[in-house]
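Just so you know, all these numbers are worked out from the coordinates, no wet-lab data involved. Quick caveat: nothing in here was measured; it's all calculated off a predicted structure. Please note: Cβ atoms are built from the backbone with ideal geometry, for glycine as well, and neighbour counts cover all protein chains shown.
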Amino acid sequence: MLYIFFGEDSYLRDTAFKDFQKSLGDEEMINMNTVSLNAKDANVDQVLSMVQAVPFLASSRVIILEGLLTMFDKSNKTDFGQWSQIESVVENIPDSNYLVLIDGKLRSANPMLKLLEKKARSKEFIPLRGVSLRNWAVRAANERDVAIHDDALSLLIDYCGNNLRSLESEIEKLSLYKHNEKVIDLSAVKLHVNYERDENIFRIVDQIFSKNYNSARLSFQHLLDSGTDSIEFILLLASQLRRLILVKDLVDRKVPQSKFKSYMGTRSDFAVNKSVQQSRSFSMNQLMKMHREVVNLDLAVRSEPDKYSQGSLIDLLLLKMVSEDRNT
C-alpha cells in the first residue's frame, strides 16, 4: 500500500505519520521495521528492494521516501528518469508492507503527485487558521487537563501564530504552571510567553521613531518597573534595529514574507508583522545610523559603567536616537 503525506504544516504531517505507525501494531517492533530514505540520495532499485523485504518479527514493514514529489514540483514533464519505475514498484508492494511518501507543500499540478495519487491514500496538511486553529489549541490544553480563557488564547496565538509546535510547547509549559488552578489565564500567558516585553520594545521603538520622547521615557520606566534594566534595554533595542535592517533587506530582495520567521529566528507572527510595519518608515541608511548610535552607547557604558545612571542613560539614548533621525 502507498501512502502520501504532504503539505506545508510539518507538525500535522508528522503527527499523522506517527498515528499511522501506531495503527500498524506494536510500536517498538514497527519502529524496528521502519526504514527512511531521501529521494535525492536513493535510487528506485533500493526502494524496490526494501519494499519487498519481509518484516522482521512484526506484521508490517514501513519504507519512508522523503522528497520524491518535491524533486518534480517545478516541472510539468512526465519524464521522471529512473523514477519512472516507481509506478511499477507501487503495484508490487506486498500486502504486509507500506511505502510512505513524505513531502512539503506541492503544486496541485505536480506531475509525480498526479501519477501516484490515484494509487495511494493521500492527505495534504494545510496550516490551521481562524476557528480551526483556536479549536486545536483548546483541545491541546484540554488534553493536558486545563482550560484556557479566550483572551489568553488570543494572545498566545498572536505570539505563536499558527506554528503548532510552538503553540504545543507553550501550552505544555503553561499547563504545568497552572496545573493546580486548571485554567490558563491572560496573566499566565503574559508572564511566561515573553509577549509583553516584546510588545513594550516595539512600542518604545515606535515612540522613538515618531520623536515622541516623553512617551518613550514613560514606556522605558514601565520596562524598568517590570525588571528590565537599562543595559538590557540597550541590547534589546539594538537587537530590534538589527531585525529591522534584516527585514528591510528581505523586502528589498523580494523574499516572500512567509519565510521571514526563518530568517529572523522567531516563531512570532506578531514580531514579523510589527517589524515589517516599522521598517517601512525608514531607509536602510537611517536604520544603520541608529543602530550604530546604540552600539556606540553600549560600548561606552561597558567601558565606564559607573558614569551612567539608569535615568541619564535612557535620556542620552533617546536624545541620540531622535537627533540621529533628524539629521538623516
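Over every pair of different alpha-carbon atoms in segment 22-135, take the mean of 1/r and invert it; report that Kirkwood radius in Å.
Working: mean 1/r = 0.0646 Å⁻¹.
About 15.5 Å, per the Kirkwood formula over Cα pairs.
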Checklist entry - Within segment 80-187, which GluC sites (Glu not before Pro) sit in a loop by DSSP and count at most 11 neighbouring Cβ atoms inside 10 Å? => result Glu181
Checklist outcome for this item: Phi angles of segment 6-21, converted by Karplus (6.51 cos²θ - 1.76 cosθ + 1.60, θ = phi - 60°) into ³J(HN,Hα) in whole Hz with x for Gly and Pro, give 9, x, 6, 8, 5, 5, 4, 5, 5, 5, 4, 5, 5, 5, 4, 4
Checklist entry - Residues with amide H under 5 Å of Ser122's amide H, sequence separation 5 or more or different chain, H placed in the peptide plane at 1.01 Å from N; which? => result Ile4
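Mind pulling up the Rg/Rh value for the chain? Radius of gyration and Kirkwood radius, both on Cα.
Working: Rg = 26.2 Å, Rh = 23.7 Å.
Computed over Cα atoms, the ratio is 1.11.
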Checklist entry - Taking amide hydrogens as modeled 1.01 Å from N in the peptide plane, which residues meet the under 5 Å criterion relative to Ile148, leaving out close sequence neighbours? => result Ile184
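Would you calculate a helix-derived [θ] at 222 nm for the chain, using -39,500 (n - 2.57) for each DSSP H run of n ≥ 4 and dividing by the full residue count, to the nearest 500? Before the final figure, lay out the partial values.
On the way: 16 runs with 190 residues, N = 328.
Computed mean residue ellipticity for the chain: -18000 deg cm²/dmol.
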Next on the checklist: Per residue of segment 254-259, what does 6.51 cos²θ - 1.76 cosθ + 1.60 with θ = phi - 60° give for ³J(HN,Hα)? Whole Hz please, x for Gly and Pro, Karplus curve as stated.
Outcome noted: 6, 6, x, 5, 4, 9
Checklist entry - What residues have an amide H closer than 5 Å to that of Ile64, excluding those fewer than 5 places away on the same chain, when H is modeled at 1.01 Å from N in the peptide plane? => result Val35, Ser36, Leu37, Val100
Item to check | Under the Karplus curve 6.51 cos²θ - 1.76 cosθ + 1.60, θ = phi - 60°, whole-Hz ³J(HN,Hα) for segment 184-193, x wherever Gly or Pro sits | outcome: 9, 10, 4, 5, 5, 5, 4, 6, 10, 10
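If you add up the charges near Gln46, with Lys and Arg at +1 and Asp and Glu at -1, over every other residue whose beta carbon is less than 14 angstrom from its beta carbon, what do you get? Mind showing how you got there, number by number?
Numbers: positive: Lys40; negative: Asp41, Asp45, Glu66.
With Lys, Arg at +1 and Asp, Glu at -1, the neighbours total -2.
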Checklist entry - If you keep only loop residues by DSSP, which trypsin sites (Lys or Arg not before Pro) in segment 114-144 have at most 11 other Cβ atoms within 10 Å of their Cβ? => result Lys118, Arg129
Item to check | Whole-percent pair-distance distribution, where bins are 5 Å wide, for the alpha carbons of segment 130-192 | outcome: 4, 21, 38, 28, 9, 1
